[in-house]
Amino acid sequence: MANIAFIGLGNMGHPMCRHLIQAGHAVSGFDLSPERRAALEQLGGRAATDIGDAVRAADCVLTMLPTGRHVRAVYEGPGGVFAHAPAAALLIDSSTIDIESTRAVSRAAAEAGFTMVDAPVSGAVPAAEAGRLTFMVGGTAEGYARAVPVLEAMGHRFFHIGESGAGQALKICNNMMTGISMVAISEVFTLADRLGLDPTVVRDVMLGSSGNCWALEHYCPVPGPLPTSPASRDYAPGFSGHMMLKDMRLSQEAATAASAATPLAGTAAAIYQMLVANGHGDRDFSYVFKMISGR
């Protein structure tokens, strides 16, 4: 069992810490929010006073942060991980951020003598709650081998994608697909409704047909057909509109840098921008159905 420092105790970090603690790891966590630090203590973890306090005795440092700017500050800042973590500590960043920031932090980690991997996740809050996350890992084979025993407490599928930044690149591609798919099935259910079709029947038929996809199976955007979906819980976020817009923008930044044509993703990004601009960014991203359907 390991001493684990966890930085970022939000909607994803909190359940991830719960599973780490249940697996027998000792977790010291830090977040700017006092409420989130208190919630960690209720799980049986230790709330650190700052990043240095969290990482000082860590065998492994895990981060789950909003943007590349936050990741760089946490690792490279004067009070950050590089300044205070033991040299033998494994560093795992599970944030979803831009590829260049990931590679820059990884280079800085190597220069400081640390082994670091990027290990973004798929499955959103429901998978984090269930301990069923998928981890896409970028870094050395040694880093991947060291990371898996820690990640096993929180997930059920682990992939070594390639060198530093490769995990992040695949995560961006994955979320681009999810964002496009949600817009597509929202249009499908809108049309089906106009044609007088029962949404439950539509979903049941499509689950066994060529139109099936992850968003339809696990995140149906219409209230009712899937009781566990955010849509059936007044669109309480498993993954917010703000977060999907961030990820769609990351996909477009990556596409521009790689000279890749992604017209569908560009359109989907504009739709999520409208969702957020209309004040619905704190709702689950599947709320895009309400906007597309005119409801």
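Considering only TRP214, VAL137, PHE189, whose Cα is most displaced toward the positive end of the charge dipole of the chain, charges sitting on Cβ of Lys, Arg (+1) and Asp, Glu (-1)?
Going by the charge dipole, the pick is PHE189.
Ignoring ligands, DNA and RNA, what percent of the 1.4 Å accessible area of the range 1-150 is carbon and sulfur? Write out the running numbers ahead of the final one.
On the way: 3170 of 5880 Å².
It is 54 percent, rounded to a whole number.
Quote the convex hull volume per residue of the range 200-295, based on C-alpha atoms, as a whole number of Å³.
For the range 200-295, the hull spanned by Cα atoms encloses 105 Å³ per residue.
Per residue of the chain, what 222 nm ellipticity follows from adding -39500 (n - 2.57) for every DSSP H run with n ≥ 4, rounded to the nearest 500?
Taking each H run of at least 4 residues, the total per residue is -15000 deg cm²/dmol.
Given contacts defined as C-alpha pairs under 8 Å and at least six residues apart, what's the relative contact order of the chain, whole-number percent?
13
Apply the a/c threshold of 1.5 to the C-alpha gyration tensor of the range 47-154 and tell me whether it is rounded, prolate or oblate.
In terms of gyration-tensor shape, rounded.
Local charge sum around ALA48 (other residues, Cβ-Cβ under 10 Å, Lys/Arg +1, Asp/Glu -1)?
0
Two decimals is fine: what is log10 I(q)/I(0) at q = 0.29 Å⁻¹ for the range 236-284, from a Debye sum with one equal scatterer on every Cα and no solvent?
Here the Debye-derived log intensity ratios amount to -1.00.
Simple spin-label model, 7 Å along Cα-to-Cβ: ARG46 to ARG295 in nm?
4.9
Relative contact order for the range 1-54 using alpha-carbon pairs under 8 Å, separation at least 6, rounded to a whole percent?
37
For the range 174-235, which whole percent of the accessible surface, found with a 1.4 angstrom probe, sits on carbon and sulfur atoms?
Values: 1860 of 3080 Å².
About 60 percent, which is the carbon plus sulfur part of the accessible surface.
Over 5 Å intervals from 0, what percent of Cα-Cα pairs in the range 92-182 sits in each interval?
Percent of Cα pairs in each bin: 3, 16, 25, 25, 18, 9, 3, 1, 0.
Put +1 on the Cβ of each Lys and Arg and -1 on the Cβ of each Asp and Glu in the chain; which of SER286, GLY162, LEU245 then has its Cα farthest toward the positive end of the dipole?
SER286
Taking H placed 1.01 Å from N in the peptide plane, check which residues at least 5 places from THR115 or on another chain put their amide H under 5 Å from its amide H.
The list, which skips near neighbours in sequence, is LEU91.
Quick check: residue separation of ASP282 and ALA108 times 0.36 nm, minus the Cα distance between them. What number comes out in nm?
59.2 nm
Starting from the Cα-Cα distance between GLU152 and TRP214, subtract it from 0.36 nm times their residue separation and give me the gain in nm to one decimal.
Details: separation 62, 0.36 × 62 = 22.32 nm, distance 2.26 nm.
Gain on extension, GLU152 to TRP214, equals 20.1 nm.
To one decimal place, what Kirkwood hydrodynamic radius in Å is obtained for the chain from all pairs of distinct Cα atoms? Don't jump to the answer; show the numbers that get you there.
Working: mean 1/r = 0.0506 Å⁻¹.
Radius from the Kirkwood sum: 19.8 Å.
Amide H to amide H under 5 Å from ARG157: which residues, 5+ apart in sequence or cross-chain, H placed 1.01 Å off N in plane?
PHE135
Rounded to whole Hz and in sequence order, give me ³J(HN,Hα) for the range 22-31 from the Karplus expression 6.51 cos²θ - 1.76 cosθ + 1.60, θ = phi - 60°, writing x for Gly and Pro.
In residue order, the calculated couplings are 5, 7, x, 6, 8, 10, 10, x, 9, 8 Hz.
With each pseudo-label sitting 7 Å past Cα toward Cβ, what's the LEU195-ALA257 distance in nm, one decimal?
So the two model labels end up 4.1 nm from each other.
Please compute the per residue accessible area over the chain with all protein chains in place, 1.4 Å probe, rounded to a whole number of Å². It would help to have the intermediate numbers written out before the result.
Values: 12790 Å² over 295 residues.
That works out to 43 Å² per residue.
Please list log₁₀ I(q)/I(0) at q = 0.15 Å⁻¹ for the range 1-113, using the Debye equation with identical point scatterers on the alpha-carbon positions.
Rounded to two decimals, the profile gives -0.56.
Determine the dipole magnitude for the chain: charges of +1 sit on the beta-carbon of Lys and Arg, -1 on that of Asp and Glu, nothing else is charged, the reference point is the Cα centre, and the result goes in debye to the nearest 20.
With only Lys, Arg, Asp and Glu charged at Cβ, the dipole is about 200 debye.
Short version: ³J(HN,Hα) in whole Hz for each residue of the range 45-62, in order, from phi by Karplus 6.51 cos²θ - 1.76 cosθ + 1.60 (θ = phi - 60°), x for Gly and Pro, what are they?
The phi angles translate into x, 10, 7, 7, 7, 6, 4, x, 5, 5, 9, 4, 10, 7, 7, 8, 10, 10 Hz.
The values are calculated or read from the model by the stated rules, or taken from the named source; none is laboratory data. Worth saying up front: this structure is predicted, and the values here are computed from it rather than measured. Cβ atoms come from the backbone with ideal geometry, glycine included; neighbour counts cover every protein chain shown. Only protein heavy atoms, including side chains, enter the accessible area calculation; ligands, DNA and RNA are left aside. Shrake-Rupley method; radii C 1.70, N 1.55, O 1.52, S 1.80 Å.
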